[in-house]
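The numbers here are math on the coordinates, done by the rules we state, and not lab data. Computed from a predicted structure; not experimentally measured. Backbone-built Cβ (ideal geometry, glycine too); neighbour counts: all protein chains shown.
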Amino acid sequence: MKLHDDVHNYYEKIMLDRIFARNLQDKYNDDVMADFCCTVLNQLPARYIRYDVDMAFYLPQHERIQMEQKVDIAINVAMTQVAKRDSMISE
């Protein structure tokens, strides 16, 4: 078993889906996006799984919606932090 290949945090998938839905990958460069993703994920609980399809099948709809809302809030916080950092750099 290769742990890094077999197990991952389901919040990572939700986060990436939401980032792409907002086209944030076009707004920030790769370095900023890496820090951005860490900032988002550090605000969220871990939900480790082996297969995404299991979560899609077994996760109740209301829990999925709650997870997406948590990710949206974490993304908004990260965007605020990036904006603050950028304004400090440009001063």
Original post:
Which whole-Hz ³J(HN,Hα) couplings does segment 13-22 yield from phi under the Karplus relation 6.51 cos²θ - 1.76 cosθ + 1.60, θ = phi - 60°, glycine and proline marked x?
Top reply: 5, 4, 4, 4, 4, 6, 4, 5, 5, 8
Original post:
Under 5 Å between amide H atoms, partner at least 5 residues away or on a different chain: which partners does Arg47 have, H built in plane at 1.01 Å?
Top reply: Tyr10, Tyr11
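Count the lysine pairs in the chain that are 8 or more places apart or on different chains: how many have C-alpha atoms under 26 angstrom apart?
Number of lysine pairs found: 6.
Translational D (Stokes-Einstein, µm²/s) of the chain at 10 °C and 1.306 mPa s when Rh comes from the Kirkwood sum over C-alpha pairs?
111
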Subject >> For segment 3-90: relative contact order, % (alpha-carbon pairs under 8 angstrom, 6 or more apart) >> reply: 43
Original post:
Taking the Cα atoms only, what angle lies between the long axis of helix 61-90 and the longest principal axis of the chain, rounded to 10 degrees?
Top reply: 20
Subject >> Computed label-point distance, nm, for sites Asn23 and Asp52 using a 7 Å Cα→Cβ extension >> reply: 2.2
Subject >> Derived scalar couplings ³J(HN,Hα) [segment 46-55; Karplus, 6.51 cos²θ - 1.76 cosθ + 1.60; whole Hz; x for Gly, Pro] >> reply: 8, 9, 7, 9, 9, 10, 4, 4, 4, 5
Original post:
Taking the Cα-to-Cβ direction at Ile65 and at Asn9 and moving 7 Å from each Cα, how far apart do the two end points lie in nm?
Top reply: 2.5
Subject >> Of the trypsin sites (Lys or Arg not before Pro) in segment 9-49, those whose Cβ has at most 16 other Cβ within 10 Å and which sit in DSSP loop >> reply: Arg22, Arg47
**OP:** Select from segment 39-91 those chymotrypsin sites (Phe, Trp or Tyr not before Pro) which occupy a DSSP coil region and have at most 16 other Cβ atoms within 10 Å, ordered by residue number.
**Re:** Tyr51
**OP:** Work through the residues other than Gln66 whose Cβ is under 14 Å from its Cβ and net out their charges, Lys, Arg +1 and Asp, Glu -1.
**Re:** +1
